[in-house]
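Read the structure below first, then the notes.
The values are calculated or read from the model by the stated rules, or taken from the named source; none is laboratory data. Just so you know, these numbers come straight off a predicted model, no measurement behind them. Don't worry about glycine lacking a Cβ; one is built from the backbone with ideal geometry, like all the others, and counts go over all protein chains shown.
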Amino acid sequence: MPTQSPGPAHQRATWFTTTEWSVILAAANSKDPGAQEALASLCHIYWHPIYAYIRRRGYQRENAQDLTQGFFTQLLEKKHLKAARSDRGRFRSFLLASVKNYLANEWDREQAQKRGGGKFAISLDFDGAEAVWIEPVDPVTPESIFERRWALTTLTQVMDQLRKEMIQSGHEARFVHLRGFLTGEDTGLQYKQVADELKMSEGAVRVTVHRLRHRFGGLLRREVARTIHDPKKVEDEIRYLFAAIDS
């Protein structure tokens, strides 16, 4: 994984000056609509780990769907932003603590049957989430399920961003053939095979892969920066992501 992010220094500074999570924390006790919209945006991306967590807690599909929808409906009400304290510097930590509190103290089964429809409710693709849900056969904890799903969601989000950029630049075929080089191991034979398929030289493929990895690393840092309060902790969070996937 590259250690440099793409673009001029002033662009990188812009990424890390004001993150969405910083906006939410700063406006927790105000009436700033920007904070609510930022929270809704992050929730729309990172709801899947919450659903996986609830499923691993033993709730069946329909109940887990109700609880997930209810949790985010409640969270997206302005008054619940007050729980977002600066000592919870990571959005994932805030969400996990919030859903534990939600399940333990605030909602009973009757309330869980009520699907939210408030102003900031988000549409959740439960069928898609259930399609990738596999009941763990080992004694993995709900917390570890949450952490791993969070890491995979982040990487998927970044990969989707890179794919859109490649499509916009007219290089979708390159992305399709080269995406496997971005996070996994590769061999010279694989480079040669891809070069033949893309009608490029092997050297050109290697250069393209290097550039894609560089861009992937930059997009990953930008995505991670959206979810932490302290920009200095971006690299620590990235190391956590890969550790969570490997665990």
If we ask which residues in segment 34-57 are without any contact (Cβ under 8 Å) to a residue 60 or more places away in the chain and outside any helix (DSSP H, G or I), their number turns out to be 0
When segment 143-187 is checked residue by residue, the ones that are basic (Lys, Arg) and either closer than 23 Å to Val224 by Cα or buried (at least 19 other Cβ atoms within 10 Å of the Cβ) (or both) are Arg148, Arg149, Arg163, Lys164, Arg179
Does Ala204 meet the test of being within 24 Å of Met166 (Cβ to Cβ) and surrounded by 14 or more Cβ atoms within 10 Å (Cβ to Cβ)?
no
Checklist (1) within 30 Å of Ala40 (Cβ to Cβ); (2) assigned to a helix (DSSP H, G or I) applied to Thr183, failing item:
(2)
For segment 229-247: of the residues being farther than 16 Å from Phe146 by Cα and more than 15 Å from the chain's Cα centre (by Cα), which is surrounded by the fewest Cβ atoms within 10 Å (Cβ to Cβ)?
Lys232
Go through the residues of segment 56-63 one by one and say whether even a single one is aromatic (Phe, Trp, Tyr) and either over 16 Å from Phe94 (Cα atoms) or surrounded by fewer than 19 Cβ atoms within 10 Å (Cβ to Cβ) (or both).
yes
Looking for something in a helix (DSSP H, G or I), under 18 Å from Met166 (Cα atoms) and among the hydrophobic types (A, V, I, L, M, F, W, C) - is there at least one such residue anywhere in segment 232-247?
no
What number of residues within segment 11-51 satisfy the criterion of being within 30 Å of Phe181 (Cβ to Cβ) and either in contact with a Pro (Cβ under 8 Å, 6 or more places away or on another chain) or at pLDDT below 50 (or both)?
7
Could you give me the residue pairs with C-beta distances under 7 Å whose first residue belongs to segment 206-223 and is more than 19 Å from Ile238 (Cβ to Cβ), whose second residue is of a type in the set (Ser, Thr, Tyr) and surrounded by 16 or more Cβ atoms within 10 Å (Cβ to Cβ) wherever it lies, and which are 6+ apart or on separate chains?
Arg206/Tyr191
With respect to Gln69, determine if the residue is in contact with a Lys or Arg (Cβ under 7 Å, 6 or more places away or on another chain), modelled with pLDDT under 85 and part of a helix (DSSP H, G or I).
no
